[in-house]
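These notes concern the structure reproduced below.
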Amino acid sequence: MSIPTEAIGSIPRSPALQAALADHAEGRLSTDELTKLQERATAETLDRLAELGSPVLVDGEQAKPSFVTYPLAGLTGLAPDGAVIPFADGHTRQLPRLTAGPFRYGVHADTYLRDARRHTALPVKQAVIAPSALSLLYPADGIDGYPRDAFLRDLTDGAEADIRRCLEAGAHVVQLDFTEGRLSLKLDPSGGLLNDFVALNNEVLGRFSAAERTRLGVHTCPGGDQDSTHSADVDYAELLPQLFRLKVGNFYVQLAGEPDPERVLRIVAEHLPSDARVFVGVTDPVDPRVETAEEVRDRVLAAARHIPVEQLGTCDDCGFAPFADDASTSRDVAFAKIEARLRGTALASEALGL
């Protein structure tokens, strides 16, 4: 036995792929040509992770426009002026606004998983967007002829299909990205929005068997875009008890970037379900400095003082480039941080006699 370790999802696109995305957006590069470049980037990402000794691979989201908007590809009935997410450094991201129903996924995540599995025989994890994030597409003033209840029924059906198709395609784990969980407490400090998000996600997760839920996970972080966050100032103590109500077997919790990780670990230890595993973040994608393996080891050993080792895993705090145009971290830095996570986790396993 050793401590399991997994990436969260995204890895920075190369400058060449960034340029290709810009050319495609301007009509200078065909979709077929872009797809070939994305396939090549996916294969190269998988190869580099395997060379580092990663036991579970990710495709680095090389073909995703972003971790949140991939289901919207090709859809009509969207306007660009949806919910705005402000980040601490002043930049923003804006979601589309749904203008008509019914809501359907334009792309399911198993598309990316099946492409990745063509390039490797190693286990591959697949990230999907949580339905709570997509619920933000529906406008506050409603849509004529398409009430919110009908939208939520369509959304939960689509989210279930997104997850189930990944399980059927052989995903090692399907991870729901739930970065809006911590953000919800900034938007609504009463916790009402967070409770709604948890209930919506559990409506989907409850459709899976206990055995299937051992292969499901949820990731939480305060956002990580262009080396900035959107909700790091929200107290984790308000989020974590609600997070652990989600019906999954794995939790991926940002920790390395926290100012008081010991406090967070005490909260995690108090609320972690006895039949679940928590993967604690041991590298911080927002910090440009590459952690040493020894630093990672010490972070893992600190976590092991609070959490039973059989329920412990490690991860990066967040994806390294959740949006395709995020060039704040280079691929080399991302892979160096991943290598530190792998080596440091192995050192911690050795120190614990595993």
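The values are calculated or read from the model by the stated rules, or taken from the named source; none is laboratory data. The structure presented is a predicted model; accordingly, all values stated were derived computationally and were not measured. Note that each Cβ is placed from the backbone with ideal geometry, even for glycine, and that neighbours are counted across all protein chains shown. These area figures cover heavy atoms from the full protein model, side chains too; ligands, DNA and RNA do not enter into them. Shrake-Rupley method; radii C 1.70, N 1.55, O 1.52, S 1.80 Å.
Here is how the numbers come out for the structure above:
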quantity	calculated
Long-range neighbours under 7 Å by Cβ, at least six apart or interchain, first residue closer than 17 Å to Val68 by Cβ within the stretch 93-110, second open to solvent by less than 50 Å² (accessible area, probe 1.4 Å) and among the β-branched types (Val, Ile, Thr)	Arg93/Ile85; Leu98/Ile143; Ala109/Val128
Selection within the stretch 57-71 - at pLDDT 95 or above and among the polar types (S, T, N, Q)	Gln62
Within the stretch 1-39, considering residues that are aliphatic (A, V, I, L, M) and in contact with a helix residue (DSSP H, G or I) (Cβ under 6 Å, 6 or more places away or on another chain), the one farthest from Thr220 (Cα to Cα)	Leu29
Lone qualifier among Ala100, Ala161, Ala133 - being outside any loop (DSSP other than H, G, I, E, B), over 30 Å from Asp235 (Cα atoms) and small (Gly, Ala, Ser)	Ala161
Those residues of the stretch 270-284 which are closer than 21 Å to Glu295 by Cα and part of a strand (DSSP E or B), in sequence order	Val278, Phe279, Val280, Gly281, Val282, Thr283
Gln126 vs. criteria open to solvent by 20 Å² or more (accessible area, probe 1.4 Å), at negative phi and polar (S, T, N, Q)	no
In the stretch 61-80, residue most open to solvent (accessible area, probe 1.4 Å) [restricted to those that are part of a loop (DSSP other than H, G, I, E, B) and in contact with a Pro (Cβ under 8 Å, 6 or more places away or on another chain)]	Pro80
Criterion: over 25 Å from Leu205 (Cα atoms) and either acidic (Asp, Glu) or modelled with pLDDT under 95 (or both) - qualifying residue of Gly145, Gly101, Gly74	Gly74
Leading residue by the ranking (farthest from Glu61 (Cα to Cα)) among those in the stretch 332-354 that are of a type in the set (Lys, Arg) and in contact with a Ser or Thr (Cβ under 6 Å, 6 or more places away or on another chain)	Arg341
